[in-house]
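The values are calculated or read from the model by the stated rules, or taken from the named source; none is laboratory data. Note that the structure is a prediction, hence the values are computed from the model and not measured. No Cβ is skipped: glycine too gets one built from the backbone with ideal geometry, and neighbour counts run over all protein chains shown. Only protein heavy atoms, including side chains, enter the accessible area calculation; ligands, DNA and RNA are left aside. Shrake-Rupley method; radii C 1.70, N 1.55, O 1.52, S 1.80 Å.
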Amino acid sequence: DEYAMIRKLLGRDPNFTEARWFVHTSLACGAKGVVPYIFNSYWNHHENRVAMDAVMEEVAFLSPAWIAPGSAVDAASSNPEVEVAAKAYSPRPGTQTHVFIVAAAQSRTPVKATITVPALAKWKRTRLVVLRENRIVPVENGSFTDDFPDLGAHVYTTLDVLPTLKTLGEIQREIDEMRAKPAREG
């Protein structure tokens, strides 16, 4: 498993970026869901407790679309180092269909990819919201280009109103503050 691999290769537990990447890579490679588990030192590893709570919020957000029968739509990446999967979902018949896209870079260096999802063009979508990043990505003819940091993962959606979720930066600041707390308190 990925956690054991990180611990063996790096001699440490996975950080927030790695924990998030594991789950989103699974989804981008075709998993319909993930099963969280607790590793040996989980309760003493604040970073992963915060990270996995955040990641599971994202999975819960995606789950109605991800598990709906027949929701998969074509998606492709111009960069072989970026895995991508997309789902289209309408909560009720006759309501607007929204697209949800998970993309994860399989690289230890920053990469760029153009992602094409024909359903975006079909439904004349011209922008995507990037979950937890407070940014909009323009879409032209069903395609958009984005940058991915080292082991970067992005969740895109056509929803205009998203649940209130902490940004990636806010989550990382919470982790950093918890790490600094013992030093401050002596």
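Quick notes
- On Cα atoms only, tilt of 16-28 relative to the major axis of the chain in degrees: 30 degrees
- Relative counts (whole %) of C-alpha pair distances in region 88-182, using bins that are 10 Å wide: 14, 40, 31, 11, 4, 0
- C-alpha long axis of helix 46-67 to longest principal axis of the chain, angle in °: 20 degrees
- Our helix-only sum for the chain, with -39,500 (n - 2.57) per DSSP H run of n ≥ 4 divided by its residues, gives a mean residue ellipticity at 222 nm of -11500 deg cm²/dmol.
- Taking 0.36 nm per residue of separation and subtracting the Cα-Cα distance, full extension of the segment from Arg173 to Thr95 would add 24.3 nm.
- Average accessible area per residue (Å²) across region 57-186 - probe 1.4 Å, nucleic acids and ligands excluded: 54 Å²
- Per-residue ³J(HN,Hα) for region 99-116, Karplus 6.51 cos²θ - 1.76 cosθ + 1.60, θ = phi - 60°, Hz, x for Gly and Pro: 10, 10, 10, 10, 10, 9, 7, 9, 9, 8, 10, x, 9, 10, 8, 9, 10, 10
- Shown for the chain: lysine pairs separated by 8 or more places, or found on different chains, whose C-alpha atoms are under 25 Å apart, numbering 11.
- About the Cα centre, charge dipole magnitude for the chain (Lys/Arg +1, Asp/Glu -1 at Cβ), debye: 300 debye
- Options (i) -0.56, -0.76, -0.95; (ii) -0.28, -0.51, -0.84; (iii) -0.34, -0.59, -0.90 - which one matches log10 I(q)/I(0) by the Debye sum over Cα atoms at q = 0.09, 0.12, 0.15 Å⁻¹ as calculated here: (iii)
- Solvent-accessible area, 1.4 Å probe, carbon plus sulfur percent, for the chain: 54 percent
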